[in-house]
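Input: a single structure, listed below in structure tokens.
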Amino acid sequence: MKRDVSDMLRTLIREQEAKDIKETPAGEAPGELTALGVPLVRKNEKHYIIDLTTVRIFRNLHTFVQLLVDEVIEQCGFGIADIMVRRRVDPSLTPELAQTGLDWIMLYVRLDAADHLPFDYRNFGNRMQVIFRALQTEKWGGILFPEFYGIDPENAGGAAPALLFPFHLHDRGEKNGSYYLVEHSRAGRFLRITIEDAAGSRLQLKHIPHRVVDQTVRGSYLADIYPTAEKIHQGMLRETMNSRSEYSESPLRLPDFFTHLHEGGLPYLQTVHFTWPTDDRQVLFLESTADDLTKSLHLLVKEIQLLEDPRILQHLARGNILEMISGPFHVYFDVSRYGVCLNVSFDDFRTVLTLDDYLAQMPALSRRAKQHKDALSKVRLFLIHHNTAEVIGLLRAFAEAGCGALTTFFVKYSGIVPEAYLETLMSLPPDNFRFYSLQKIESRQKLAGLYHFSRQFTPLAGLEEINDIVLRSELDFLGSMRLASGHIFLTEMMLARRKGEELLLVEDGGYLAPLINRFCLENKTVGEVFDYFHAARPAGDEKRSIASWLSGTFLGSVEHTKNGYDYNAEVMAEFGKLQFPAATIAVSGLKRGPEARECAMSILSAAESILNRLGKLFSRRKIVILGSAGAIGGFLKKELSRRVENGTLFGVDIAARENSPGDVTEVKTIDALGSDIILDCDMFIGVIGASILKQKHIEDIILSGRVPAIFFISGSTKTVEFSDVQNYLQSLRDVTDPQIDGKTVRVDFNALRDLQTGILQGSQVSIAFPDDPTRNKIFYLLGDLMPINFLYYGIPCEIVDEVMAQLFTLSCGVVRRERSGDKLRPALLAVDHEIDANADPLPPGGKP
């Protein structure tokens, strides 16, 4: 009997499929049927379309079905008998289900089909979810409730046929498979669901008009589709009211939703990014009418219900684009960044900028790139630099020069990485481009924070151990960067040696070149250096000197900044030489002149934005510039002298002139300023590359300072400018009973954020004296004491373009020289001093 029923049902299914194909409009191919009962149609190789216009949304459907299922299972516990459950359709819980004309849901299960339900509770619940979700589609729901779907009952073919769900055909492991028959009694205003054992069925299906619904049962269903949509909808409305056109969701806010996406086929997903680029969509989200609100919310519900289907998620995981249509709306789905980001774009598919787009904005670098075709062929390049639009353009220039493998370790200070940058970088082929960075973990206990590898870039497979080590080490930013980037550098060296390539290091900040040269000159072994960076030792080379192991593969380094120049100069001074050439643009005329001026302007612009957020002005500050005679400091001094009152600007620099200008007091040491000036000043700007404001100065400011709030701004070197300030404040926070000069204090760390954007702008350290509140101080550590100009956009492209062109040209020149018979000296070689921008030697005395 069971085989007869199964054969008959399979025949019915084949007949139904043939009918569906026959009814498909000419020119359209039938598509893959989704869980919503709507086909997914292939438009081209990577683009699929699904039209959900006729799908209706039943609010709180999952909850209603679960209540029905629980009642059936409860009835099973009352004894050995048939089961009959009747549940009222509550318009306040499921208004759309009530609008179909239903007052009741009746469920009847004969004993032979009911006896195993308590042992198959989850599968039973999932089957019931399939049935009621099918009723949301015009294809199946329109059969039972034609008026609800705008279908004339007379044109629907008279009395509505039943819907047959042959679930037992898919349950091969079940001894007693069951099928479900769903009938609508229009006169009784109820829906009858009959569950029959396939082997012992008493229903004469041939005499009951019905349609076969062959839907597969999934392992799980989202329980809170509507609440999830409401949360996302509120977030999008908030962003639209703030004149933004994008919004992101994370696992933190929607854990169940992301768990479903992870288990359904997107295991690495970290964010769902919504964009709505057109004006009419913004009007819709702004709730201009109640109807608009309903439309936009229901559209989101459809999107989420579509993502409930694992087959849809698998298409996205394979890199396909999915276009969802719902009436006049078109929504595009795709996954990017190695499966980390699900993009949902309204009206238009999202635009992803290419490397060429970034390079096109840099005419100087573009010209140099065209002049150096194939200059970097067979070179692996390891770049350590900031994540800016100009650096992305630089990547393209290196690629045009023939560089086949480019690994970048981004220097990430405060601020955010724009979504557009991430989309460009993560769309590049991973065999040629890899990207890494550190992520700071903010802490109210540790002012400097903690660092680990960022998950925004290349997947960290194989780096789990070094990631844990970086985090546990609790190093400062410089130490964490050196450890993490050094580990990646050794990996790149191994690849270069294995493939017979050469490796060039280009960096902004002296992270690795000084260490590499020092280790070589100290005769460190390969094993010692690999252990230092927690990398797996290369077998057989452990006792070999690191200098000989690098020789022939490592070409040397190219440095961008004065900080890196100074670190290399320290090694040079100590050993009288370097192991490998370290070419640098740090002290070139371009860097010390035009770029230094624009850097100073950028520092002031970023600082002023934060001051304005706090209601403060530059013009009313008493300012000390640490490093006032340097390239950047000189321009800061010149600009600020115009913006502050006479006698309120001071400079400290070992190179300070004996007789400073009348409007700026400039001395060689911080102590030479005198305590009266220090205690009156409320802003310290560091561009000196060293920490000269010591603990004794901070204690004096806290105890005797005459201003309640003091600002600290770094425009130069990581957190080095105020490392003593940071360490002292941390030491006060770490002890159980903090005291200053015997006086008890309370120290609190709090984040300082921009009120409009939410961007972290630094830290606010409050120092309170319970016994003498008049001494209370607030220290504002802008940008968390990292170079503040990178909090926003750094230095404008018009000048950075020229700097990047010089850096690129020098990199190509170093490779050319190292491949020639006239190699560069193993020394610190500065453009406009020892060499020109092409790495060719200059006459003694530098540039003529």
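The values are calculated or read from the model by the stated rules, or taken from the named source; none is laboratory data. Being a predicted model, the structure only gives us computed values, none of them experimental. Every residue, glycine as well, gets a Cβ built from its backbone with ideal geometry; the counts of neighbours run over all protein chains shown. For accessibility, only protein heavy atoms count, side chains too; no ligands or nucleic acids. Shrake-Rupley method; radii C 1.70, N 1.55, O 1.52, S 1.80 Å.
Summary of computed values
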item	result
Pairs with Cβ under 6 Å, 6+ apart, first in segment 603-621 and touching a residue at least 24 places away in the same chain (Cβ under 8 Å) and open to solvent by 60 Å² or more (accessible area, probe 1.4 Å), second aromatic (Phe, Trp, Tyr) and part of a loop (DSSP other than H, G, I, E, B)	none
So Phe329, is it of a type in the set (A, V, I, L, M, F, W, C) and touching a strand residue (DSSP E or B) at 6+ places or on another chain (Cβ under 6 Å)	no
Search result, residues across segment 708-745 that are over 37 Å from the mean Cα position of the chain (by Cα) and among the small types (Gly, Ala, Ser)	Gly742
Subset of segment 97-112 (residues that are touching a Lys or Arg at 6+ places or on another chain (Cβ under 6 Å) and among the acidic types (Asp, Glu))	Asp103
Which numbered condition Pro843 misses (of (1) farther than 19 Å from Leu503 by Cβ; (2) out of contact with any helix residue (DSSP H, G or I) (no Cβ under 9 Å at 6 or more places or on another chain); (3) modelled with pLDDT of 95 or more)	(3)
Scan of segment 634-654 for residues that are in a helix (DSSP H, G or I) and touching a residue at least 40 places away in the same chain (Cβ under 8 Å), ordered by number	Leu636
Residue count for segment 418-427, restricted to those that are in contact with a helix residue (DSSP H, G or I) (Cβ under 9 Å, 6 or more places away or on another chain) and surrounded by fewer than 18 Cβ atoms within 10 Å (Cβ to Cβ)	2
Complete set of residues in segment 316-347 that are within 18 Å of Lys295 (Cα to Cα) and open to solvent by 40 Å² or more (accessible area, probe 1.4 Å)	Pro328, His330
Candidate set: segment 790-848, residues that are small (Gly, Ala, Ser) and either in a helix (DSSP H, G or I) or within 29 Å of the chain's Cα centre (by Cα) (or both); chosen: the one nearest to Cys403 (Cα to Cα)	Ser811
Top-ranked residue of segment 207-236 - restricted to ones that are out of contact with any helix residue (DSSP H, G or I) (no Cβ under 8 Å at 6 or more places or on another chain) and assigned to a helix (DSSP H, G or I), ranked as surrounded by the fewest Cβ atoms within 10 Å (Cβ to Cβ)	His207
Candidate set from segment 699-748 (those that are β-branched (Val, Ile, Thr) and free of Cβ contacts under 8 Å to residues at least 12 places away in the same chain); member that is nearest to Gly783 (Cα to Cα)	Val735
Qualifying residues in segment 246-276 (those that are more than 18 Å from the chain's Cα centre (by Cα) and either within 13 Å of Asn343 (Cα to Cα) or open to solvent by 80 Å² or more (accessible area, probe 1.4 Å) (or both)) - the one modelled with the lowest pLDDT	Trp276
Pairs with Cβ under 8 Å, 6+ apart, first in segment 51-64 and farther than 19 Å from Ala223 by Cα, second crowded, with 19+ Cβ neighbours inside 10 Å and acidic (Asp, Glu)	Thr54/Glu138
Asp741 touching a strand residue (DSSP E or B) at 6+ places or on another chain (Cβ under 8 Å) and modelled with pLDDT of 90 or more	no
Residue ID - surrounded by the most Cβ atoms within 10 Å (Cβ to Cβ), chosen from residues in segment 352-378 that are aliphatic (A, V, I, L, M) and closer than 25 Å to Leu555 by Cα	Leu365
Failed condition for Ile83, given (1) surrounded by 15 or more Cβ atoms within 10 Å (Cβ to Cβ); (2) modelled with pLDDT of 90 or more; (3) more than 40 Å from the chain's Cα centre (by Cα)	(2)
Residue ID - most open to solvent (accessible area, probe 1.4 Å), chosen from residues in segment 520-556 that are assigned to a loop (DSSP other than H, G, I, E, B) and of a type in the set (Ser, Thr, Tyr)	Ser551
Flag if Val344 is modelled with pLDDT of 95 or more and out of contact with any Leu (no Cβ under 6 Å at 6 or more places or on another chain)	yes
Residue tally, condition part of a strand (DSSP E or B) and open to solvent by less than 30 Å² (accessible area, probe 1.4 Å), over segment 49-68	1
Residue count for segment 576-621, restricted to those that are in contact with a Pro (Cβ under 8 Å, 6 or more places away or on another chain) and charged (D, E, K, R)	2
Ser602 being polar (S, T, N, Q) and not in a helix (DSSP H, G or I)	no
So Ile654, is it of a type in the set (A, V, I, L, M) and open to solvent by less than 30 Å² (accessible area, probe 1.4 Å)	no
Residues of segment 460-487 classified as surrounded by 14 or more Cβ atoms within 10 Å (Cβ to Cβ), within 21 Å of the chain's Cα centre (by Cα) and not hydroxyl-bearing (Ser, Thr, Tyr), total	9
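Rundown of residues vs (1) surrounded by 13 or more Cβ atoms within 10 Å (Cβ to Cβ); (2) assigned to a strand (DSSP E or B); (3) β-branched (Val, Ile, Thr), yes/no style:
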{"residue": "Gln726", "(1), (2), (3)": "yes, no, no"}
{"residue": "Gln730", "(1), (2), (3)": "yes, no, no"}
{"residue": "Val747", "(1), (2), (3)": "yes, yes, yes"}
{"residue": "Leu752", "(1), (2), (3)": "yes, yes, no"}
{"residue": "Gly758", "(1), (2), (3)": "no, no, no"}
{"residue": "Asp771", "(1), (2), (3)": "no, no, no"}
{"residue": "Thr774", "(1), (2), (3)": "no, no, yes"}
{"residue": "Tyr780", "(1), (2), (3)": "yes, yes, no"}
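Quick grid of which residues meet (1) more than 30 Å from Gln764 (Cβ to Cβ); (2) surrounded by 24 or more Cβ atoms within 10 Å (Cβ to Cβ):
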residue: Met786; (1), (2): no, yes
residue: Asn789; (1), (2): no, yes
residue: Gly794; (1), (2): no, no
residue: Glu802; (1), (2): yes, no
residue: Arg816; (1), (2): yes, no
residue: Gly821; (1), (2): yes, no
residue: Ala830; (1), (2): yes, no
residue: Glu834; (1), (2): yes, no
residue: Asn838; (1), (2): yes, no
